[in-house]
Amino acid sequence: MSAKNTSFTQTPLLQVENLQTGFKIDGDFFNAVEGVSFEVKRKQIVGVVGESGCGKSVMSLSIMQLLPTGIGKIRGGEVKFEGENISKLSDKKMNNIRGKDISMIFQEPMTSLNPVFTIGYQIEEVILNHEKISKKEARLRSVSLLKSVGIPRADKIVDEYPHQLSGGMRQRVMIAMAIACQPKLLIADEPTTALDVTVQAQILDLLKGIQEANDMAIILITHDLGVVAEICDEVLVMYAGKIVEKATVDELFNNPKHPYTDLLMKAIPRMDEDVEVLATIDGLVPSVMNMPEVGCRFANRCPSAMPECLTVTPRLGEVAAHHEAACLLYDESWPEGTKPYREGASMA
Ligand code: SF4
């Protein structure tokens, strides 16, 4: 594991406070993100982990205000960037922030790269949208950016089209576009999922190198806790639209508290163990239309579930230094003598 930035004293670059994001389905809104709060400090890498459908991507699209128009909506809470609430900014003001202060890369670059324009044109467009420089300067910067993300023959590739590159090279192009204006925050949504293992490792190394060189913060969204262990400082575990565990990476890996996190950890392939079949988590994440109104949303899949888990909604609370979890196993608010578990009880 790399050296971690675990300072809790910096002024936050991003503050997400009680975010509620809903989707309109058959005329009704259903929350896909429910009461999510966290901070990202300057130069910090925060991992957001959970299965598909846990709300990770909706949360990042909410920060960027890229929710599908007329369908997705921030229904409550605030997103503050450098202290300013950006969740209600006009499209024009948000366009000034996107690409310049906050950038985003996605799992599949072909959905973000335009197939009919050259790589160079698309990077230059990002630069010229935010900076008053000549086209010639923008082109020189594009070549230099492509070199910086490890693209060979950058002066030739700049005139090629996305379909002429491999998946790994396209992801490098996306990273070059995302860092073209030296953003303070990069949101990387499953940036390595579509790539083979060797290229995944190269892209993670590249992101870490750029983060250090540019003093940039990163929110790294992934379903893979192994990826989090590689480069993150802190981690948020999301389940069914809520944060269920939040800790520094070292603390989370040494001392996982939430049963969901524990199961995610058991699903990480390990080189030092001869395991033929990896653990899986039985059942599915509830859909946004079928979220239980009370109780723990993980109860129907949890190996440690108790009867109370169906009627009492767990709250995120401190379970150790720099470590919070939302699970009744650790809830200290039960009146004395009525706790549904013994002191010191832990996961099954
Ligand atoms: Fe499992 Fe209950 Fe904790 Fe939920 S609150 S994770 S069901 S033990």
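The values are calculated or read from the model by the stated rules, or taken from the named source; none is laboratory data. Remember, it's a predicted structure, so these values are computed and weren't measured experimentally. Cβ: placed from backbone, ideal geometry, glycine included. Neighbour counts: every protein chain shown. Areas reflect the complete protein model, heavy atoms only, side chains present, ligands, DNA and RNA absent. Shrake-Rupley method; radii C 1.70, N 1.55, O 1.52, S 1.80 Å.
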Next on the checklist: For the structure I just gave you, tell me whether Gly27 is under 20 Å from Met289 (Cα atoms), open to solvent by 40 Å² or more (accessible area, probe 1.4 Å) and without any contact (Cβ under 8 Å) to a residue 40 or more places away in the chain.
Outcome noted: yes
Checklist entry - Which one is farthest from Cys309 (Cα to Cα) among residues in segment 234-260 that are within 14 Å of the ligand (Cβ to nearest atom) and open to solvent by 10 Å² or more (accessible area, probe 1.4 Å)? => result Pro256
Checklist entry - Can you tell me which residues in segment 79-89 are open to solvent by 60 Å² or more (accessible area, probe 1.4 Å) and either at pLDDT 90 or above or farther than 20 Å from Ser57 by Cα (or both)? => result Glu82, Glu84
Checklist entry - Out of all the residues in segment 88-130, which are touching a residue at least 40 places away in the same chain (Cβ under 8 Å) and either among the hydroxyl-bearing types (Ser, Thr, Tyr) or closer than 15 Å to Val16 by Cα (or both)? => result Ile102, Ser103, Ser112, Thr118
Next on the checklist: Let me confirm something: among Ile63, Ile25, Ile74, which residue is out of contact with any strand residue (DSSP E or B) (no Cβ under 8 Å at 6 or more places or on another chain) and under 27 Å from Pro314 (Cβ atoms)?
Outcome noted: Ile25
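On the given criteria, is Leu186 more than 20 Å from Ser57 (Cα to Cα), aliphatic (A, V, I, L, M) and touching a Leu at 6+ places or on another chain (Cβ under 9 Å)?
no
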Item to check | Residue check, Ser37 outside any strand (DSSP E or B) and either in contact (Cβ under 8 Å) with a residue 60 or more places away in the chain or farther than 28 Å from Ile210 by Cβ (or both) | outcome: no
Checklist entry - Can you tell me which residues in segment 96-116 are out of contact with any His (no Cβ under 8 Å at 6 or more places or on another chain), open to solvent by less than 80 Å² (accessible area, probe 1.4 Å) and either assigned to a strand (DSSP E or B) or not aliphatic (A, V, I, L, M) (or both)? => result Arg98, Asp101, Ile102, Ser103, Met104, Ile105, Phe106, Gln107, Glu108, Pro109, Ser112, Asn114
Checklist outcome for this item: Residue hits (segment 175-209; β-branched (Val, Ile, Thr) and out of contact with any helix residue (DSSP H, G or I) (no Cβ under 7 Å at 6 or more places or on another chain)) are Thr193, Val197, Thr198
Checklist entry - Would it be correct to say that Ser144 is under 24 Å from Asp205 (Cα atoms) and surrounded by fewer than 17 Cβ atoms within 10 Å (Cβ to Cβ)? => result yes
Checklist outcome for this item: If we ask which residues in segment 77-91 are in a strand (DSSP E or B) and on the phi > 0 side of the Ramachandran plot, their number turns out to be 1
Checklist entry - Taking segment 100-141, which residues are over 12 Å from Pro162 (Cβ atoms) and aromatic (Phe, Trp, Tyr)? => result Phe106
Checklist outcome for this item: Residue pairs qualifying under the 9 Å Cβ cut-off, at least six apart or on distinct chains, with the first in segment 232-249 being polar (S, T, N, Q) and the second being more than 16 Å from the ligand (Cβ to nearest atom) and assigned to a strand (DSSP E or B), are Thr248/Glu234; Thr248/Val235
Checklist entry - Quick check: anything in segment 46-57 over 17 Å from the mean Cα position of the chain (by Cα) and either farther than 22 Å from Pro191 by Cβ or surrounded by fewer than 17 Cβ atoms within 10 Å (Cβ to Cβ) (or both)? => result no
